[in-house]
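Derivation of every value follows stated rules applied to the coordinates shown; laboratory data play no part. Given the structure is predicted, the values throughout are model-derived calculations rather than measurements. Reconstructed Cβ throughout: ideal geometry from the backbone, glycine too, with neighbour counts over all protein chains shown.
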Amino acid sequence: MFQSLMKDPKFFGIVNNPHIKRNIKQKTVNDILLKQKVSPIMLNFANVLAENGRLHQTPNVASAFSKIMSAHRGEVLCSVTTAQSLDEGNLSELKTALSGFLKKGETLKLETKTDPSILGGMIVSVGDKYADMSTKTKIQKLSKLINEPI
C-alpha cells in the first residue's frame, strides 16, 4: 500500500521535496494514510520515517523488510536467466532440479528472466550460489583461450 503511494508522482514529489518542512511532510503523509485506512502499525512506521527525515527511503526499507521476511519464511530466491522463455515442461523440470539445492524446510521462490544476448544455456543464481552456463560465456572463454599466447 505505502509503496504504491510512493510511486504516485504527487505524493513522491512532496516526500522528496527538500523545501517542505519535516512537520508538514509528516502531517501530509499522516492525513493521506489515514484516508487510505492503513493499519496502525503502517501509520506508525510512516510517522517514524517522517520524524527522522527518511520518507524518501521508504522503497529501500520496504525491500529490505521483504527480504528479511522471505528469509524468515524459509524462502530461497532463485533467479534463472535464459535466452528464450521456458515452457511448462522445462520449467517444472528446472524447479525439480533446483529443489535439490534446498535444505529441509526451505521453499523455492523462482524468478525467471529472458535475455536473448546470452544466446543459449542459462544463468542460475540460488541463494549465494551462482552458475553461468550461457553460450555467450562459453564463447568468451574459448575466444580468450584461443587468443592467449602460448
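Each Lys and Arg adds +1 at its Cβ and each Asp and Glu adds -1 at its Cβ; summed about the Cα centre, the chain shows a dipole of about 640 debye. Ranked for footprinting exposure by Cβ neighbours inside 10 Å, fewest first, 65, 101 give 65, 101. Can you give the FRET efficiency for residue 64 and residue 150, using 1/(1 + (r/R0)^6), R0 = 41 Å, r = Cβ-Cβ distance, to the nearest 0.05? Once the sixth-power term is evaluated, E becomes 0.25. Sorting the segments 74-81, 108-115, 143-150, 15-22 by their mean number of nearby beta carbons within 10 angstrom, highest to lowest, gives 74-81, 108-115, 15-22, 143-150.
The angle between the Cα long axis of helix 88-99 and the main principal axis of the chain comes to about 80°, on a 0 to 90 degree scale. Run lengths n ≥ 4 of DSSP H only: what is the helix-derived mean residue ellipticity at 222 nm for the chain, with -39500 (n - 2.57) per run over all residues, to the nearest 500? Here the helix-only value at 222 nm equals -16500 deg cm²/dmol. Between the residues 97, 123, 41, the greatest Cα displacement towards the positive end of the dipole of the chain, with unit charges on the Cβ of Lys, Arg, Asp and Glu, is found for 41.
Between residue 23 and residue 101, the contour length at 0.36 nm per residue exceeds the alpha carbon distance by 23.1 nm. Relative to the longest principal axis of the Cα atoms of the chain, helix 22-36 runs at roughly 80 degrees.
Computed over neighbours whose Cβ is under 14 Å from that of residue 29, the net charge equals +4, Lys and Arg +1, Asp and Glu -1. In region 2-68, Rg over Rh equals 0.93, where Rg is the alpha-carbon radius of gyration and Rh the Kirkwood radius from pairwise Cα distances.
Classify region 92-138 as rounded, prolate or oblate from the Cα gyration tensor: take a ≥ b ≥ c as the square roots of its eigenvalues, call it rounded if a/c is under 1.5, otherwise prolate when a/b beats b/c and oblate if not. Here region 92-138 falls in the prolate category. The separation of region 92-150 from region 10-84, counted between C-alpha centres, amounts to 33 Å.
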